[in-house]
Amino acid sequence: MRYIPNTKEQKEEMLKEIGASSVEDLLKDIPASARVKGKLNLPSPLSEEEVKEKIYNISKKNLDFFFYKPLVGAGAYRHTVPEAVKAIISREEFYTSYTPYQPEISQGNLQSMFEYQTHISRLTGMDVVVPSIYDGASATAEAALMALRLTHKNKVIVSQLIHPHYRETLNTYVEPHDTKVVEIPYKNGLTDIEKLKDSIDNETAAVIIQSPNFFGGIEDIEKISKIAHESGAIMVQVIAESMSLGLLKQPAKMDVDIVAGEAQSFGMDINFGGPFNGYLCSKMKFIRQIPGRIAGETVDKNGNRGFVMTFRAREQDIRREKATSNICSNHALNIVAGNAYLSLVGKQGLKKIAEYNVKAAHYLRSKLLESGKFEQIDYPFFNEFILKTDNKDSLKEKLIKNNFIPPLDLSLFYPELEGFMLFCTTEIFSKDDIDSIAQIIGG
Amino acid sequence: MKLIYEKSVKGRGGFSLKEDNFPYKDISSLIPNYALSEEEKALPEVSEVDVIRHFTKLSKLNYGLDDGMYPLGSCTMKYNPKINEKLASLDNFVYAHPFTDQRYVQGSLQIMYELSEMLSEITGMDKFSLMPAAGAHGELTGVLIIRKFFKDKGEKRSKILIPDSAHGTNPASSAMAGFKVVEVPSNERGGIDIEKLNELMDEDTAGLMLTNPNTVGLFDENIEKIAEIVHSKGGLLYYDGANLNALLGIVRPGDTGFDVVHLNLHKTFSTPHGGGGPGAGAVGVKRELKEFLPSPIVGMSNGEYIFEYPTKSIGRVRAFYTNFPVIVKAYVWIMSLGSDGLREVAETSIINANYILKKLKRYYKPAYDRTCMHECVLTGREYKEFGVKTLDIAKRIMDYGFHPPTIYFPHFQPYAEETIMIEPTESESKETIDSFIETMIKISEEAKTNPELLKEAPHNTPVGRLDEVRAVRNPKLVFKGDNDK
């Protein structure tokens, strides 16, 4: 076996040294009745060339997706992933290392965590950044649990315009804790604030709102924070499309207490939906209730700057059932990707890319409306918007035929929205692309 | 080393963008005032060259598996084959959007389906979900399945049993799933104390979470008895697959009475740890629990791969479906090894661990002096009298070019204190292992003759021992300085 260096002779020599006559001697604790009889029923082993051929062939059963630009985002956004990011995360020192429990030989990861925490802090204005929770959905669920612990209340208010998968995940996570989840309906593409006012009370632990919301709509977070705080609830902003932070206000400036975000747009490929990288931010006063690993600056014995994992007393390996979460492995390599991405695009780039996204989406929407074949709902949006068509099947078919992945059919998640499609455009679409899309489905 | 912010130069950038020829001059006409940021976010300003040099330099401060032996117990730091990485990065997988019609992602679904089937065969379970993103995420999923199973039967069971040798994630996951955790002590042979188990297991207990081989590296010889006790009270047996490497092709958890298992594909199945993830925590169940799996799972109908929606599902535990590239890597690894290869992995890992145990037990007293499985648990207790802690021993190991083993885990009295848990995996050669053993012996001598050398260690690393207390007392979690310094 090419991955096992020891030869048969070496193994025999080692067994002799151990004092065993064969490997069977080492398996004596395992009762015969518990053993596998014969061999596992698995395919015969393949050489490297064979396995390569096999997987290439299987991959051909997918479309050649590089050539199909997706008009669907809905929590998974195809942005440009610079090759420099891919080169960096392909370095063995990053991808084959373990969790940085031994900081003296893990400064690469730890400093990278610290830099990334700084990036996210500057984008959100928040003091504390947990750089990796598995994804935006589990980060949202963890934010809800955190708010329940902080307030000792048992009700959370959740906008229906939070990504449906995030809401489902939140429900799964809070279900064992006798939590009441109240969903607030939407109105004209945004969360219905009047309905929120009706639902909120002193028993409310958190108000959880996504912005940009699932329809791409930009919520008035400041206004909602005020309503939440008047009832003593914690304000949680969910951000599924973090590219929006290039342009939109820092959540901290809108009095948000906890941010649960998804950083996939920062240097991560779509990969059929994962692995992405969630993040969780809070004000400093909540740090002891936040879950997940955090890097902090300190000094070594010679007084030189160095980084360690810090506030470890929150974590499962120390606190066991009293930990703030069970999270152990996270999506650490994607912290490196996110750090490399945000460093590359930098101060000017992120803003320009975000602006491009906004303009591309607005341009597509105006072109489609010009065709007269779509019904509109007006609300402010980032890079996603919804329109209604009378002929969604032919729209989907035409787009696939012309190498575009169709927008999301919203009736999958909102049965009342039959005919509504959720469109997304990013910087991978040129103006010419959009003109031709308008031709294909509007012409 | 400087932070990326300390390398920032005003006006620099490392990105490229298509020409913006849309008919909008001012972004403020498109974004409402209440939401538009008044200032630019103060990210660094650096070129692509700066970024590549910065991260290359950072990477050299890290110790990776390709740099040398990484004997972290219970972490299974085995070699990550390069072909796995290549095949997981094929364009048709990488650019597949999760909301694409199933007809167009048959390749992705085939990999998911076939990996699930192979994992079922390897573990003796009936159906797998590939949704959980990590081991602990798999535990939470598995325990929620147990919870829902009882709820569905109209039973309310409030407790779950967990051995004192268990990973911290076990009690943490159980608490998250709403269970009260009850600890079961280990016996003098390192297994579950059967009498205690008998006392504790009752009809208010949902089951037992067990790692087998356990975290002291021992196969619990009473496994069948344990299963009988748990099942006799209507409970379910949960298998923490962190240590499955020792059992590949030898024992299938499903055949020894386990009802739910989670596997760490980033341990046993060779996918890289990524500095702490992403991995994947596949969860497998017996037939009667299939309908409780997270939704959706991949099935097959008329030769086509399809999503199926279990009827009593616990729901979702994340967005979308799986950590797809991790799935590809595990699939490629199993395909490359086959049945005989998997068994050879287990046997080799067991030989390697016992060889280390045999050679080192004179110098570091084992927690239990017995034949071990894929890892051995030694202790540094004897060096306390020289003022040397296990931590000091671990730090000194770095000076010799190895990653230290897991230390202070497992931790329970009276057997497992000052522990040094060594898992060589099948990937290390006899020469490397011999050199590691020599190093450990040398350090044991240094501990007696020159304890200061250990207490001051490490000496040859990019930074010296770091002040963790200061990091909490004076928290600096982000860089507060200005750019362009």
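Read-outs: derived from the displayed coordinates by stated rules, not from any lab. Quantities reported herein were computed from a predicted structural model and do not represent experimental measurements. Neighbour counts are summed over all protein chains in view; Cβ atoms, including those assigned to glycine, are modelled from backbone coordinates with ideal geometry.
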Among A:Pro5, A:Ala74, A:Ala87, which residue has its Cα furthest toward the positive end of the charge dipole of segment A:4-94, with +1 on Lys/Arg Cβ and -1 on Asp/Glu Cβ?
A:Ala74
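Taking every DSSP beta bridge with both residues inside the protein assembly as shown, roughly what % is antiparallel (nearest 5)?
60
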Sequence-distant lysines (8 or more away, or on other chains) whose Cα lies within less than 22 Å of A:Lys388
A:Lys69, A:Lys187, A:Lys359, A:Lys367, A:Lys373, A:Lys396, A:Lys398, A:Lys401
Cβ-based charge dipole, segment A:173-298, positive-most Cα from A:Ala295, A:Ile218, A:Met243
A:Ala295
Along the Cα-to-Cβ line of A:Asp201, 7 Å from the Cα, sits a label point; which residues in segment A:233-260 have backbone N less than 20 Å from it?
A:233-235
Determine the relative contact order of segment B:83-336: mean sequence separation of Cα pairs under 8 Å and six or more apart, normalised by residue count, in whole percent.
27
Reduced to Cα centres, the span from segment B:188-233 to segment B:54-74 in Å works out to 37
Counting only residues 5 or more apart in sequence or on a different chain, those whose built amide H sits under 5 Å from that of A:Tyr279 are A:Ile133, A:Gly261, A:Glu262, A:Ala263
Starting from 0 in steps of 10 Å, tell me what percent of the Cα-Cα pairs of segment A:248-397 lands in each bin.
8, 23, 30, 21, 11, 5, 1, 0
Cα to Cα, under 22 Å, and not fewer than 8 places away if on the same chain: which lysines meet these conditions relative to B:Lys225?
A:Lys28, A:Lys37, B:Lys159, B:Lys196, B:Lys233, B:Lys286
Rounded, prolate or oblate (a/c below 1.5 giving rounded, otherwise prolate when a/b exceeds b/c) for segment A:52-120 by Cα gyration tensor
oblate
So the FRET efficiency between B:Asn474 and B:Asn187, C-beta based with R0 = 45 Å and rounded to 0.05, is 0.50
How would you order A:106-117, B:396-407 from highest to lowest mean count of nearby Cβ atoms within 10 Å?
A:106-117, B:396-407
Only four residue types carry charge here, +1 at the Cβ of Lys and Arg and -1 at the Cβ of Asp and Glu. Report the dipole size of the protein assembly as shown about the Cα centre in Debye, rounded to the nearest 20.
1100
Dipole magnitude (debye, nearest 20) for chain B, charges at Cβ of Lys, Arg, Asp, Glu:
760
Once you place label points 7 Å from the Cα toward the Cβ at A:Glu370 and B:Tyr34, how far apart are they in nm?
3.1
So, with +1 on the Cβ of K and R and -1 on the Cβ of D and E, and no other charges, what is the size of the charge dipole of segment B:83-336 about its Cα centre, to the nearest 20 debye?
680
What is the average number of partner chain Cβ atoms found within 10 Å of a Cβ in B:134-142?
4
Which of the pairs A:Lys223/A:Lys253; B:Lys148/B:Lys180; A:Lys86/B:Lys57; A:Lys11/B:Lys86; B:Lys78/B:Lys389 have their Cα atoms more than 23 Å apart in this structure?
A:Lys11/B:Lys86; B:Lys78/B:Lys389
Quotient of Cα Rg and 2.2 N^0.38 Å for segment A:83-341, N being how many residues it contains:
0.99
Sort B:185-196, B:213-224, A:391-402 for me by packing, meaning the mean count of neighbouring Cβ atoms within 10 Å per residue, highest on top.
B:213-224, B:185-196, A:391-402
Projecting each Cα onto the charge dipole of chain B (Lys/Arg +1, Asp/Glu -1 at the beta carbon, about the Cα centre), which of B:Tyr34, B:Met373, B:Ile83 comes out farthest on the positive side?
B:Tyr34
How many Cβ atoms of partner chains, on average, are near each residue of A:331-340 if near means within 10 Å of its Cβ?
5
Gain in length, B:Glu445 to B:Lys233, computed as 0.36 nm per residue apart minus the alpha-carbon separation, to one decimal in nm?
71.1 nm
Compactness of the protein assembly as shown, expressed as Rg and Dmax over alpha-carbon positions, Å
27.1, 87
Quick one: grab Rg to one decimal and Dmax as a whole number for segment B:348-470, Cα atoms only, in Å.
14.0, 43
Burial order of peptide ranges B:65-75, B:314-324 (average beta-carbon count within 10 Å, highest first):
B:314-324, B:65-75
Looking at the P(r) of segment B:108-197, how many percent of alpha-carbon pairs lie beyond 18 Å?
59
According to the Cα gyration tensor, what semi-axes, each the square root of 5 times an eigenvalue, does the equivalent ellipsoid of chain A have, listed from largest to smallest in whole Å?
41, 31, 23
State, to one decimal in nm, how far the label point of A:Ser394 lies from the label point of B:Met300, with both points 7 Å from Cα in the Cβ direction.
3.9
How many angstrom lie between the C-alpha centres of segment B:350-401 and segment A:154-219?
52
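Would you mind calculating the relative contact order of chain A from Cα pairs under 8 angstrom and at least 6 residues apart, reporting the percent as a whole number?
Over chain A, the number comes to 20 percent.
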I need the Kirkwood Rh of segment B:83-336: take the reciprocal of the average 1/r across all distinct C-alpha pairs and report it in angstrom.
18.4
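Could you give me D for chain B, from Stokes-Einstein at 4 °C and 1.567 mPa s, where the hydrodynamic radius is the Kirkwood radius over C-alpha pairs? Units µm² s⁻¹, please.
52
Over all residues in A:247-260, what is the mean tally of Cβ atoms on other chains that come within 10 Å of each residue's Cβ?
Going residue by residue through A:247-260 and averaging, the value is 2.
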Given just the C-alpha atoms of segment A:107-259, how large is their convex hull per residue in cubic angstrom?
107
